[in-house]
1. Scan GLY141, GLY132 and give me the residue that is surrounded by 17 or more Cβ atoms within 10 Å (Cβ to Cβ), at pLDDT below 85 and of a type outside the set (Val, Ile, Thr).
2. Residues LEU97, LEU83, LEU87, LEU124: which one is in contact with a helix residue (DSSP H, G or I) (Cβ under 7 Å, 6 or more places away or on another chain), within 20 Å of VAL32 (Cα to Cα) and part of a helix (DSSP H, G or I)?
3. Which ones in segment 38-65 are loosely packed, with under 15 Cβ neighbours inside 10 Å and not β-branched (Val, Ile, Thr)?
4. Which numbered condition trips up ALA194, out of (1) in contact with a strand residue (DSSP E or B) (Cβ under 8 Å, 6 or more places away or on another chain); (2) among the aliphatic types (A, V, I, L, M); (3) under 23 Å from LYS90 (Cβ atoms)?
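The values are calculated or read from the model by the stated rules, or taken from the named source; none is laboratory data. Note that the coordinates shown come from a computational prediction; the quantities given were computed from them, not determined experimentally. Here the Cβ positions follow ideal geometry from the backbone for every residue, glycine too, while neighbour counts run over all protein chains shown.
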Amino acid sequence: MATKKKKRTPQKRRPLAEDAFNIPNLLTMLRVVMIPLCLWFLDKDTPRSGFWAGIVFTIAALTDMLDGYLARKLNVVSVLGKLLDPLADKLIVMATLVWMTQMGRVPAWVIIVLLGRDISVTALRSIAASEGVVIAAGEEGKAKTALQMIGIIALLLGYPYHLSYAGIDFGVCEMNHIGQALVYLSLVFSFGSAVQYVRLFVAAVEAKEKKVSSPSDERQQRRGSLRPPEIAPEPDKPTE
């Protein structure tokens, strides 16, 4: 007896208001709200206020990891979350870097390069998404994000600190210099990830074009195989 296949019922899209108030999206919006608080501490330009600015930025970075995990765990991945999450990341990173430019902690050209790279990659991924191609973040992109976040935290601290860990005395470390070095290093991975995105985009588009053109090729091959074989003419009989 043949078994009937169950039809998959399409998942009903949740209302926008319901998506806005789920836990992951609330964490994302909290990250946006923390931007003015971080800049308020940063503007005071004292070692204590710089420490608290670093704490606020660190909490915001942790919510970035937490909201994505909770969205997948609770199965509440939404279109609104896909929009807000990268937007919140770009806002807090660019806001702090631009603010520190006027304080002399970060050169202006770094902001221009990072902003140009992010706009280019975002545009590339948007074009890929419109073509039905999903480009996942590579290892270079993850390394760039990690270096950038740690570098910004060091820049927010901005003053010399005496550091020691596990009995090892590192002496007095200039956090501003450490932060600049990490941000410069993140630029290297930033360009590497941009090149990787372009390669993945080109490879994915070529694979899609081959997949689209393959059915017509198969049909042509089938038509050729269905043609009757050509009959060779019989040779003339030899005369006796």
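1. One residue alone meets the criteria, GLY141.
2. Checking each option against the conditions leaves just LEU97.
3. Selection gives TRP40, ASP43, LYS44, ASP45, PRO47, ARG48, LEU62, MET65.
4. Among (1) in contact with a strand residue (DSSP E or B) (Cβ under 8 Å, 6 or more places away or on another chain); (2) among the aliphatic types (A, V, I, L, M); (3) under 23 Å from LYS90 (Cβ atoms), ALA194 violates only (1).
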